[in-house]
Amino acid sequence: MATKAPGADPPDTADLGELRSAASGCRGCDLHRDATQTVFGEGPREAEVMVVGEQPGDQEDRAGAPFVGPAGRLLDRALDEAGFDRRTIYVTNAVKHFKFQRDERGKRRIHKTPSKTEIVACRPWLRAELAAVHPELLIVLGATAAKTLLGDDFRITRSRGERIELPEFDTTAVATVHPSAVLRAPDRDEAYRAFVADLVAARGR
Ligand code: URA
């Protein structure tokens with residue numbers, strides 16, 4: 001039987017500070033080798049809403065905080081327009097290290113999608129955050145987060161904006177596209193409007 005890497009499992013606690021500190025030493029997959037640091041979730045433990053993205057990007061990796069780069073700024077604006085108070089939301093990622101490859105000149109760090117193994121290795125930390133925060137609403141951003149929380153067969157194109165009961169986590173989830181996809185969309189305004197509409201649908205509790 002394969003043995004787990006040291007520190008790959010979260011401690012049995014609902015204390016987010018303790019979880020964050022333990023996650024900083026996680027060696028559950030190889031992503032820690034090249035990333036600057038573990039980027040754990042942020043927000044109040046009493047949050048009624050949790051947002052789950054894919055993984056930290058270049059800026060998040062340097063800052064040690066989720067969603068502080070361009071995708072984060074778009075997310076903040078959209079949450080605000082949809083009527084959420086961003087300061088009351090817990091924000092995290094399915095994978096807590098930045099996965100990237102260097103460009104040909106070895107300068108820029110270019111995002112790489114995490115593998116199934118990396119997603120699975122990181123899942124215990126997301127589960128621990130869910131157990132600690134116990135949100136009423138889970139907003140799932142993009143395919144990686146959807147895979148982690150809603151299963152491999154879930155398709156955002158088919159089911160975006162729909163409310164999905166998640167008895168496993170005693171919560172309701174709504175999935176939508178990742179804000180990076182909005183930034184890359186050929187018609188960015190339309191993609192943004194659809195993104196906000198999904199968030200408004202999610203909020204309609
Ligand atoms: N994209 C994500 O999925 N998460 C971040 O924290 C930043 C960009």
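List of remarks:
- Among the candidates 177, 140, 133, the residue that is within 26 Å of residue 18 (Cα to Cα), within 16 Å of the ligand (Cβ to nearest atom) and within 15 Å of the chain's Cα centre (by Cα) is uniquely 140.
- Matching option when the condition is among the polar types (S, T, N, Q) and loosely packed, with under 15 Cβ neighbours inside 10 Å, among 113, 171, 176: 113
- Hits in segment 1-39 (condition: under 22 Å from residue 178 (Cα atoms) and either modelled with pLDDT under 95 or out of contact with any strand residue (DSSP E or B) (no Cβ under 7 Å at 6 or more places or on another chain) (or both)): 31, 35, 38
- Spans of helices (runs of 4 or more DSSP H) in segment 1-90 with at least 3 residues surrounded by fewer than 20 Cβ atoms within 10 Å (Cβ to Cβ) and either away from the ligand (no atom under 14 Å from the Cβ) or of a type in the set (Gly, Ala, Ser) (or both): 16-23, 70-81
- If you go through segment 64-102 and pick out every residue that is out of contact with any Asp or Glu (no Cβ under 8 Å at 6 or more places or on another chain), free of Cβ contacts under 8 Å to residues at least 12 places away in the same chain and either among the aliphatic types (A, V, I, L, M) or farther than 21 Å from residue 195 by Cβ (or both), you end up with 2.
- Selection over segment 78-109 of residues that are more than 16 Å from the chain's Cα centre (by Cα) and of a type in the set (Phe, Trp, Tyr) gives a count of 2.
- Counting only helices (runs of 4 or more DSSP H) that sit wholly inside segment 104-190, those with at least 1 residues that are closer than 24 Å to residue 9 by Cβ are 116-133, 142-150.
- Number of positions in segment 102-158 that are aliphatic (A, V, I, L, M) and at pLDDT below 95: 0
- Residue in segment 154-162 that is among the hydrophobic types (A, V, I, L, M, F, W, C) and closer than 24 Å to residue 57 by Cβ present: yes
The values are calculated or read from the model by the stated rules, or taken from the named source; none is laboratory data. What you are looking at is a predicted structure, and each value in this text was computed from that prediction instead of being measured. For neighbour counting, all protein chains shown are included, and Cβ atoms are generated from backbone atoms with ideal geometry for every residue, glycine included.
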